[in-house]
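The values are calculated or read from the model by the stated rules, or taken from the named source; none is laboratory data. As the structure is a computational prediction, the values presented were derived from the model and not from experiment. Neighbour counts are summed over all protein chains in view; Cβ atoms, including those assigned to glycine, are modelled from backbone coordinates with ideal geometry.
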Amino acid sequence: MRNRLAAIVMALILLVYLVLVVQRAVLLIASGQPVGIAMGVALILLPFVAAWAIGRELLFGARTEKLVKLMAAEGTLPVDDLPHRASGRPLRDAADAEFPQYKAEVEAAPESWRAWFRLGLAYDASGDRRRARAALRQAIGLYRAEERAAR
């Protein structure tokens, strides 16, 4: 819940920033000078790219949160019994030792969104955020496909 609130606050701050940037862009375009016009156009386009990226991240967060809730209700989330650092992150050696179990689970059932989700959590615990996000995106895609097939 705290992370969601922080994301919403950051999105609102971004919105204020975007309004101020667009205002400045309009002034630059109105200057009539070629450099000012080019900078104004760039200032108008960049906030849209930023808003798209923020929206994509918020959607990713909402979808992963939904899958966490589903798995928690089913009792299929892995138990977090790894030793942790003072920061709260799992010790990498312990996480790496459990990783093959989750990788084998995906290899045995590559169509299972639950297996991919657990693999994503295992990647995250091992410190590989890029692969964690890719595995979680795979889980989301498989879940959505399963949801569409059920309709």
Check on Leu82, part of a loop (DSSP other than H, G, I, E, B), touching a residue at least 40 places away in the same chain (Cβ under 8 Å) and outside the structural domain of Leu67 (by TED's automatic domain parsing):
yes
**OP:** Assess whether Gly36 counts as being in a helix (DSSP H, G or I) and farther than 20 Å from Ala134 by Cα.
**Re:** yes
- Query: Restricting attention to segment 121-139, does a residue exist that is touching a residue at least 60 places away in the same chain (Cβ under 8 Å), assigned to a helix (DSSP H, G or I) and surrounded by 21 or more Cβ atoms within 10 Å (Cβ to Cβ)?
  - Reply: yes
With the structure loaded, tell me whether Phe117 is more than 18 Å from the chain's Cα centre (by Cα) and surrounded by 15 or more Cβ atoms within 10 Å (Cβ to Cβ) or whether it fails that test.
no
Check whether at least one residue in segment 98-119 is under 22 Å from Ala7 (Cβ atoms), in a helix (DSSP H, G or I) and among the aliphatic types (A, V, I, L, M), and report yes or no.
-> no
Quick check on segment 46-57. Is at least one of its residues over 18 Å from the mean Cα position of the chain (by Cα), touching a residue at least 12 places away in the same chain (Cβ under 8 Å) and surrounded by 10 or more Cβ atoms within 10 Å (Cβ to Cβ)?
yes
